[in-house]
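First the structure, in the form of structure tokens, and then the observations on it.
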Amino acid sequence: MKSCITIFRASLSSFPLFPLPKPFVSVRALSSLSVLHPNPCIGKAWCYTVHGAAALSLETFTEDSPKTSVKELVTTIRNDTSSSMMKMERRSDGDGECRGSWFPYKDRFRCGELHLSSREVLEAVSPIIMEERLDRFRRVAENRSFSVCLVVEGLSDIGNINAAFRSADALGIQSVHVVSCDSSKRYKNNRHVSMGAEKWLDIELWDTPKECFEVLKSRGYRIATTHLGMDTVSVYDMDWSCPTAIVVGNEGSGISKEALELSDLHCSIPMNGMVDSFNVSVAAGILMHHAVCDRTTRLGSHGDLSEVEKEILMAEFSLRHSRSSLCIASEFAKRRQLQQSTTSF
């Protein structure tokens, strides 16, 4: 048996995508790693749009095993040329072009030294995507909004983070923020819990609540932290048509003192049972669901993107669809440039 383990370890050690910790660990599965595009950072925040996560499960480890942080689990960075081939340009905070509620994207996709508009991206990539998939992109973009965003602060269970991601995607909330608070606890990556929702969301990572909240306030959001204290507003009494960042906290200790002090209001879900709180991912789901319902009642729909913004988001979804989408868009841009240079002579 020992010899079998030794052979299996030797076989795995030749696999280049991950190092083998000691002692031997059981590797269940490794999904194809998705592309992650870095975005311009604000302050000291880790600002990434996350396009996927590995499904690597490390079941045993020793006390001196290297620790895995939330940042490392939520983001998977590969040394892959396709990850930098095409990236969408993002607006800077305080950009005067932003209409009403915050929308983070410009109608410009960089492809090396070239640029494509969202319409050109769709023209290039749509032929390789099934019509049913494109229809799904259209329906999702129609019901997406950045007017409500979710902030998860200091969660100690990656399963709860993934469950919150899944609820956000299902309810049409595009923007999610993760405040890690320097957490270094080990987790299992339960990608089956999120069902790949993180591929379609815009996820920004932060070191502290202060950094996160300052940027969100500059984008026009009010900060609503969930709290069980006396001075709270029922979520059913809030006007969710106002751009709002919903903040949920650690499973045990809840929202940090710093986050409570920096928030604009404290809100709570009325409880009628013997226990006084929900599981954090359940609470996040209830809050987002009520926000969507309230916005639909007040505004007629939760989705509030302009036609231009919907087209930009559809182009972004098309680029996230597969790595081949990035390659095709790149080749399209090169051909377009060649045609323009030829006709100019």
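Observations
- Looking only at residues in the stretch 285-316 that are among the charged types (D, E, K, R) and closer than 23 Å to Val247 by Cα, the one that is surrounded by the most Cβ atoms within 10 Å (Cβ to Cβ) is Arg295.
- Glu211 being farther than 14 Å from Ala284 by Cβ, part of a helix (DSSP H, G or I) and modelled with pLDDT under 90: no
- Single match in Ser253, Ser218, Ser277, Ser234 (criterion: open to solvent by less than 50 Å² (accessible area, probe 1.4 Å) and either within 20 Å of Ser145 (Cα to Cα) or not aliphatic (A, V, I, L, M) (or both)): Ser234
- Subset of the stretch 233-264 [in contact with a Cys (Cβ under 6 Å, 6 or more places away or on another chain) and either at pLDDT below 90 or in a strand (DSSP E or B) (or both)]: Val233, Ala245
- Among (1) farther than 30 Å from Ala245 by Cβ; (2) modelled with pLDDT of 95 or more, the one test that Gln339 misses: (2)
- Filtering the stretch 317-345 to residues that are surrounded by fewer than 10 Cβ atoms within 10 Å (Cβ to Cβ) and assigned to a loop (DSSP other than H, G, I, E, B) leaves Ser344, Phe345.
- When Met195 is tested against the conditions (1) modelled with pLDDT of 90 or more; (2) open to solvent by 60 Å² or more (accessible area, probe 1.4 Å); (3) within 15 Å of the chain's Cα centre (by Cα), the lone failure is (1).
- The listed residues are Leu134, Leu155, Leu205, Leu150, and the only one of them that is at pLDDT 90 or above and not in a helix (DSSP H, G or I) turns out to be Leu150.
- Once the stretch 261-274 is narrowed to residues that are touching a helix residue (DSSP H, G or I) at 6+ places or on another chain (Cβ under 9 Å) and under 17 Å from Ser234 (Cα atoms), the residue that is surrounded by the fewest Cβ atoms within 10 Å (Cβ to Cβ) is Pro270.
- Taken over the stretch 104-128, residues that are open to solvent by less than 10 Å² (accessible area, probe 1.4 Å) and either under 30 Å from Gly249 (Cβ atoms) or of a type in the set (Val, Ile, Thr) (or both) amount to 4.
- Enumeration of residues in the stretch 265-275 that are under 25 Å from Arg166 (Cβ atoms) and either among the basic types (Lys, Arg) or part of a loop (DSSP other than H, G, I, E, B) (or both): Ile269, Pro270, Met271, Gly273, Val275
- The residues in the stretch 221-231 that are among the aliphatic types (A, V, I, L, M) and buried (at least 23 other Cβ atoms within 10 Å of the Cβ) can be counted, and the count is 1.
- The numbered conditions (1) in contact with a Pro (Cβ under 9 Å, 6 or more places away or on another chain); (2) closer than 21 Å to Asp157 by Cβ are all true for Ser263 except (2).
The values are calculated or read from the model by the stated rules, or taken from the named source; none is laboratory data. Please read these numbers as outputs of a predicted model, since none were measured by experiment. All Cβ positions, even for glycine, are placed from backbone atoms using ideal geometry, and neighbour counts span all protein chains on display. Calculation scope for accessible area: heavy atoms of the full protein, side chains included, ligands and nucleic acids excluded. Shrake-Rupley method; radii C 1.70, N 1.55, O 1.52, S 1.80 Å.
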